[in-house]
1. Rounded to the nearest 20 debye, what is the charge dipole size of the stretch 54-106 about its Cα centre when +1 sits on each Lys and Arg Cβ and -1 on each Asp and Glu Cβ?
2. Could you state the number of Å between the C-alpha centres of the stretch 106-125 and the stretch 25-67?
3. What chymotrypsin sites (Phe, Trp or Tyr not before Pro) in the stretch 40-111 are in a loop by DSSP, with at most 16 other Cβ atoms within 10 Å of the Cβ?
4. Which GluC sites (Glu not before Pro) in the stretch 98-131 pass both tests, a DSSP loop state and at most 14 other beta-carbon atoms within 10 Å?
5. For Val110, which sequence-distant residues (separation of 5 or more, or a different chain) have an amide H within less than 5 Å of its own amide H, given hydrogens modelled in the peptide plane?
6. Only sites in a loop by DSSP and with at most 16 other Cβ atoms within 10 Å count here; which GluC sites (Glu not before Pro) in the stretch 73-106 make the cut?
7. Rounded to the nearest 10 Å², what accessible area does Ser30 have for a 1.4 Å probe in the complete protein model?
8. Kindly sort Thr124, Thr25, Thr114 by accessible area of their heavy atoms, largest first, with the probe set to 1.4 Å.
Amino acid sequence: MARRWESTFPRIFEDFEDNYDEVFTPAIESFVKEGNLVVRADVPGLELKDIEVTILGNILSVKGERKSEQEVKKEDYLRREVSYGAFERRMSLPEGAAADQVKASFKNGVLEITVPLAKETVATKVPIEAEAEKNVEISRK
């Protein structure tokens with residue numbers, strides 16, 4: 001049966017290494033928008049009840065667990081690149097962050113955390129002056 005399967009469905013992924021993470025770690029991005037620190041975590045397959053957001057001091061923590069919906073024996077997998085398990089991501093909040101005003105929302109597998117920042121915490125753009133280039137004349141003899 002295995003030979004028939006392999007002849008019908010060739011190993012199209014055999015050039016790829018099996019180097020996926022066995023423990024789920026959500027991808028995180030953070031940026032400043034309108035005076036707020038915005039942190040987004042991609043947590044596909046999780047439900048709101050599977051996620052916890054906490055702040056202790058100046059540490060923002062996102063914990064959760066992505067659970068496998070079904071039990072499949074390891075030998076029954078044809079390909080496995082999806083990872084499951086508990087995770088925790090932490091990041092330091094900048095000084096002046098209003099930890100008591102943090103808001104979190106969850107939509108379409110994306111957790112978004114908004115942290116108001118003190119005005120002096122928000123970066124300001126510093127103009128860079130370029131030194132005037134000098135035209136160098138080359139004398140030819």
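The values are calculated or read from the model by the stated rules, or taken from the named source; none is laboratory data. Source: prediction; values computed, not measured. Glycine also receives a Cβ, built like all others from the backbone with ideal geometry; neighbour counts cover every protein chain displayed. Just the protein is used for accessible areas: all its heavy atoms, side chains included, with ligands, DNA and RNA removed. Shrake-Rupley method; radii C 1.70, N 1.55, O 1.52, S 1.80 Å.
1. Here the stretch 54-106 has a charge dipole of around 100 debye.
2. That distance is 11 Å.
3. Sites meeting the loop and neighbour criteria: Tyr77.
4. Within the stretch 98-131, the qualifying GluC sites (Glu not before Pro) (loop, at most 14 other Cβ atoms within 10 Å) are Glu129, Glu131.
5. Sorted by chain and number, the residues that satisfy this are Val43.
6. Here the GluC sites (Glu not before Pro) that fit, given the DSSP loop and packing criteria, are Glu81, Glu95.
7. Solvent-accessible area, nearest 10 Å²: 70 Å².
8. Thr124, Thr25, Thr114
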